[in-house]
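Where a number appears in this text, it was derived from the coordinates with a stated rule and is not lab data. None of these values were measured; they are calculated from a predicted model. Cβ placement follows ideal geometry from the backbone for every residue including glycine, while neighbour counts extend to all protein chains displayed.
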Ligand code: PGA
């Protein structure tokens, strides 16, 4: 069970890399041997670098993702970017509900749900980020938070709209801190999330949905995380900004 899920390693570049730097990083990624055939590799540069990176990725197995989206199709929304714009530049994935967006940009569950809808309506795959803060874990509320993020984002969907969904379990205390969840902690959270998806959308949906782990994934810990059948890949921040560490994680 679960062996059909192709592992996915996605680099979330956050607000790093100018377009010129992005071109240089992607050029180096593409100069390396292609990813293993049992892996999917995605890079998520800042908006302004997307089209140049897309151009370079054409014909390569590496795929393109965005870090955020606005839910309206178009209109007077100064500073925002729509899902159709992202699709047209070549994005196949869009990260929604990253904890930094929840923390600094007021992306709450209803906003995340709207963004997710916009992404799936354009035929792209959302990477829905979920995960608890340190004080929530310490208060024994990890599962409550996972439940609230999943139900809050997905509660109003019908399973058939969510076929490409990817979930990323990213405990907030592990993001950018150097503290990684142990494989046991990650597996426990993933199992809970998968069970919940199964209850909401049917067991098969739960079994088929890829759940990534994110939070201080590095070449040194990637193998022990990715060897877990329950962990379907990684969403990598800091370590995705250097070609060597990103490729080592992708190959782990
Ligand atoms: P990190 O970030 O790998 O730097 O901890 C992960 C993320 O925020 O997606």
Dividing the alpha-carbon radius of gyration of region 1-137 by 2.2 N^0.38 Å (N being the number of residues), what value is obtained?
1.09
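For residue 179 and residue 121 in one chain, what is 0.36 nm times their gap in residues minus the Cα-Cα distance, to one decimal in nm? Could the numbers behind the result be given before it?
On the way: separation 58, 0.36 × 58 = 20.88 nm, distance 3.59 nm.
Full extension of this stretch gives 17.3 nm more.
For a Förster distance of 25 Å, can you work out the FRET efficiency between the beta-carbons of residue 38 and residue 242, rounded to the nearest 0.05?
Efficiency computed from Cβ-Cβ geometry: 0.60.
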For the chain, what is the calculated [θ] at 222 nm in deg cm²/dmol (nearest 500), taking -39500 (n - 2.57) for each run of four or more DSSP H residues and dividing by its residue count?
-12500 deg cm²/dmol
Length-normalised contact order of the chain in % [C-alpha pairs under 8 Å, at least 6 apart]:
21
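Based only on other Cβ atoms within 10 Å, what is the fewest-to-most ordering of 56, 235, 225?
Listing 56, 235, 225 from fewest to most nearby Cβ atoms yields 56, 225, 235.
Using packing as a proxy for protection, rank 59-69, 26-36 so that the peptide with the highest average count of other Cβ atoms within 10 Å comes first.
Ranked by mean Cβ neighbours within 10 Å, highest first: 59-69, 26-36.
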Relative contact order for region 138-242: what percent, with Cα pairs under 8 Å and sequence separation of 6 or more?
29
Once Rh for region 100-155 is found with the Kirkwood sum over Cα pairs, what is the Stokes-Einstein diffusion coefficient at 20 °C and 1.002 mPa s, in µm²/s?
179
Got a sec? Which residues in region 195-227 would a label at residue 147 touch, if it sits 7 Å along Cα→Cβ and we count backbone N under 20 Å?
195-203, 206-207
Neighbour-count order for 37, 82, 240, 125, fewest beta carbons within 10 angstrom listed first:
37, 82, 125, 240
Order of 98, 190, 149, 55 - criterion: other Cβ atoms within 10 Å of each residue's Cβ, fewest first:
55, 190, 149, 98
Region 47-78 scanned against label point 7 Å out from residue 24 along Cα→C-beta; backbone N under 16 Å for 49, 53
Length added when fully stretched, residue 135-residue 92, from 0.36 nm per residue minus Cα-Cα
12.0 nm
How many nm separate the modelled label positions at residue 158 and residue 200, each set 7 Å beyond the Cα in the direction of the Cβ?
1.7
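Largest first and in whole Å, what are the equivalent-ellipsoid semi-axes of the chain based on the Cα gyration tensor, each being the root of 5 times an eigenvalue?
Semi-axes, largest first: 25, 22, 17 Å.
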